[in-house]
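**Student:** What follows is a structure written as structure tokens; I'll ask about it next.
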Amino acid sequence: MGRMTNETSAPAGGVGDAAAGGGALVTGVPEQVLLGVWRWAAPDGSDRCGTALLSPQGVVLIDPPPLSAAGRAALEAEAGPARHVALTSERLLPLASAARRAWGRDVTVWLPAADGRTPDAAIESVPLGTVGEVALAWRGTGSPVLDGCGLRRDDMVLTTGDSLRVAGQTLVYHEGEQPPVGEYLRLLETLKATGAVHLLPARHAPEDPRVVASTAWAAGLENPRYAQRAAPVRGPRFIVWQAQRVLAEALAAPVVLRGDVPDPFACSRCGAESRPLRQTCSGPPVPRLCGTCREADRDSHRTPALRVLVCEGGCCTRAGARAVAAALRAEVIRSGAPDVDVVPVRCIGRCALGPYVRVASGAGDEPPTAAAFREAAAAGARRYATEHGIQVDEDAERNFSRFAPRVGQEDAARLIAQAAAPQAATPQVAPPFTLSSSEGSARP
Ligand code: FES
Ligand SMILES: [Zn+2]
């Protein structure tokens, strides 16, 4: 239930301190993005953005960072005083405390809870699985109050919280900070299934050229044929207009940030900034080792216990290779097996059956678990090819003799867990390997 609370004590150090002071640092000024909807950026320069929605119950602030005194006055002049604060997560209570200090204590605070109550019946609370958050949704109704500019009847607008982060018009996945990549993709599926037409993300940074260059279609963005198929990367900061396309692209090929660096520009081992390889198959650039890691390998003649090669050419990227690589890295960290290298490689050919993964020892031979996995994957890919009219010729079979085709992120992570534990008694093939489908993935 969206319950009312009279909580009074914000955790120390919340953004409320700045709001309460109303000092020079507070510069958030709202901008109207839809009729009856205003948004503003946190004055601390972070990616946090607030939403003010004019509802029949008065102004509802959603996950609001501080507003400047001038911004507050402007919003009040246009929409009236804030009556409610709705949060997408209890973790954001400090924002509500700050808003109550700014707007007065009769502002009602709504937390996400089981019965989905919100400040107004037109605002729906959408639970987001295990991440402990809700999205707040409303639809175009024809009402002059809730309808947005360019918002058709029944179009859905979704306000999302901390789990969805956006740079420009591109959703970005912060590796290590957000839930595991599989959970993140399930979250995207839930958001997509709502049919949302517009997104108002609570974490929305300005466009970053490196993020643009990391999207699945990056290499072809200037090509009209590709631009037509790609999700938009440019647009206003405060709203994502083509939510269905943007979510579909992020599901197929999430842009992964390691620290603040988009994956292809981060060292494939240590994550420090690095110069990527040129793209293949009209995809984004392919990550590689930074100079320091290359030099360290050269000096120490290091051979890792395991190398996991992941094809990150354009086609495999668009078929889910990013999520596979992120899951592999997470499993390497989780299993405490630092002697495993995840090595992105360029297109290996026969793209229609990617993403491809090869596991090999430092000496180049294939552990038995990996061979069994690859054979099971190849059998699945042959079946898939027959069903979809894809030719499996000698070249494809040559690929299957080295690389496992059509690998999903969960299988890849499990493979590492097994291959990195050679003491495991018997290689397990079916189950646990249930190859995930990528029928829905975009392919050129
Ligand atoms: S992009 Fe991976 S096989 Fe072509
Ligand atoms: Zn490095």
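FYI, it's all coordinate maths here, none of it is from the lab. Bear in mind the structure is a predicted one, so any value in this text is a computation, not a measurement. Glycine gets a Cβ as well: all are built from the backbone with ideal geometry, and neighbour counts include every protein chain shown.
**Student:** Calculated FRET efficiency, R302 and A77, Cβ-Cβ r, R0 51 Å, to nearest 0.05?
**Tutor:** The value I calculate is 0.20.
**Student:** Let me know the whole percent of all Cα-Cα pairs from segment 3-258 that are separated by more than 32 Å.
**Tutor:** 18
**Student:** OK, next. State the antiparallel share, in %, of DSSP beta bridges confined to the chain, rounding to the nearest 5.
**Tutor:** The antiparallel fraction comes to roughly 60 percent.
**Student:** How large is the Kirkwood hydrodynamic radius of the chain, counting all unique pairs of alpha carbons, in Å?
**Tutor:** Over the chain, the inverse of the mean reciprocal pair distance is 23.3 Å.
**Student:** Calculate how many DSSP beta bridges within segment 303-419 are antiparallel, expressed in % of all such bridges and rounded to the nearest 5.
**Tutor:** Here the antiparallel bridges make up roughly 50 percent for segment 303-419.
**Student:** Could you check the spin-label model distance between W241 and E31? Points 7 Å from the Cα along Cα→Cβ, value in nm.
**Tutor:** 1.3
**Student:** Checking a compactness column here: for segment 303-419, what do you get for Rg(Cα) / (2.2 N^0.38 Å), N being the number of residues?
**Tutor:** 0.99
**Student:** Mind listing which trypsin sites (Lys or Arg not before Pro) in segment 273-334 are in a DSSP loop and have 12 or fewer other Cβ atoms within 10 Å?
**Tutor:** Listed in order of number, the matching sites are R278, R302.
**Student:** Oh, and also: Work out, in µm²/s and without decimals, the Stokes-Einstein translational diffusion coefficient of segment 18-142 at 20 °C, 1.002 mPa s, Rh from Kirkwood over C-alpha pairs.
**Tutor:** Reported coefficient: 147 µm²/s.
**Student:** Considering the zone a paramagnetic label at N223 would reach in this model (a point 7 Å from Cα along the Cα-to-Cβ line), which residues of segment 271-303 have amide N under 17 Å from it?
**Tutor:** Within reach of a label on N223: 278-286.
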